[in-house]
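Colleague: Here's a structure for you.
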């Protein structure tokens, strides 16, 4: 069993990083420019790499009992490879989150200067919910090996549903439904109140559109977690590796959003990459109870190639004239 101190130190590290982010780099609400967003993204990637170096040495020397997980003992090289693969997989499957974030911010007309604040506080909800989901999932898969069949089938089904874009439109969260639900507890103001989540209106405490947008992003993250968390179980069931790779990927996703926010429409073929990754991971999970294991190096390579292929095709493919005309007409 991993020493509880490891978990305490990791949670403290995450809170320190978030405090520095909000209290130093984003102390005042502003619209991050391209240069700031790129440096922030590079910084988050370097932090993940730095943490992975710690993973290597900690698991290799079994600091605080890391690497001695009874169901999956491992040394530093294997642990570092699994952390990075889990990080890349979570980052890849979270790309859909970027499109949802853009949609939510558009629906609620959230000023760009306040978007970072919503994403920042959204991380707190992610920490709690994903921690619970990962803990339950790992406890179950070791007692009920057949759950790998279930999780694998779930990922394959999710990939199949993504083949039909209209399916996403039909299941899209409704802004009005969420507003009506929140209105049962608090009145919903139309004012952003300087980027605050709560305000006073007509002598009563009310929530702002900022709060409603935060709740919608939290809700969609929960839905996405049911795909991405089981997917990481195909890489490792070591609870610390699963949780830390998830959190570092999500921390980096906020910075990545501001880099890609204005060019998301150019990465239309990333959708096909995500479908292929989900199919691959689903099949990988179905094979685990049959004692067929795809080497972690192969998994990392396949995920990376699929992701790069989607980016490359998206950047090189030119839109057809009729597509451009359609966009102009719709715009």
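The values are calculated or read from the model by the stated rules, or taken from the named source; none is laboratory data. It should be emphasised that the depicted structure is a prediction, and the values quoted were computed from it without experimental measurement. With ideal geometry, Cβ positions are generated from the backbone for all residues, glycine too; neighbour counts draw on all protein chains shown.
Colleague: Go through region 112-137 and count every residue that is over 18 Å from the mean Cα position of the chain (by Cα) and modelled with pLDDT under 90.
Modeller: Adding up the residues that qualify gives 3.
Colleague: More than 20 Å from the chain's Cα centre (by Cα) and outside any helix (DSSP H, G or I) - does that describe any residue in region 4-24?
Modeller: Checking region 4-24: not a single residue is more than 20 Å from the chain's Cα centre (by Cα) and outside any helix (DSSP H, G or I).
Per-residue answers, yes or no, for (1) in contact with a strand residue (DSSP E or B) (Cβ under 6 Å, 6 or more places away or on another chain); (2) in a helix (DSSP H, G or I); (3) under 30 Å from residue 188 (Cα atoms); (4) in contact (Cβ under 8 Å) with a residue 24 or more places away in the chain:
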| residue | (1), (2), (3), (4) |
| --- | --- |
| 106 | no, yes, yes, no |
| 113 | no, yes, yes, yes |
| 116 | no, yes, yes, yes |
| 126 | no, yes, yes, yes |
| 129 | no, yes, yes, yes |
| 133 | no, yes, no, yes |
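For every residue, the table says whether it meets (1) under 25 Å from residue 163 (Cα atoms); (2) part of a strand (DSSP E or B).
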{"site": "205", "(1), (2)": "no, yes"}
{"site": "212", "(1), (2)": "no, no"}
{"site": "224", "(1), (2)": "yes, no"}
{"site": "230", "(1), (2)": "yes, no"}
{"site": "236", "(1), (2)": "no, no"}
{"site": "241", "(1), (2)": "no, no"}
{"site": "254", "(1), (2)": "no, no"}
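Colleague: Hey, can you tell me all the residues within region 280-295 that are in contact with a helix residue (DSSP H, G or I) (Cβ under 6 Å, 6 or more places away or on another chain), surrounded by fewer than 19 Cβ atoms within 10 Å (Cβ to Cβ) and touching a residue at least 60 places away in the same chain (Cβ under 8 Å)?
Modeller: Correct list: 289 only.
Colleague: Looking at region 39-58, can you tell me whether even one residue there is outside any helix (DSSP H, G or I) and either within 13 Å of residue 248 (Cβ to Cβ) or free of Cβ contacts under 8 Å to residues at least 40 places away in the same chain (or both)?
Modeller: no
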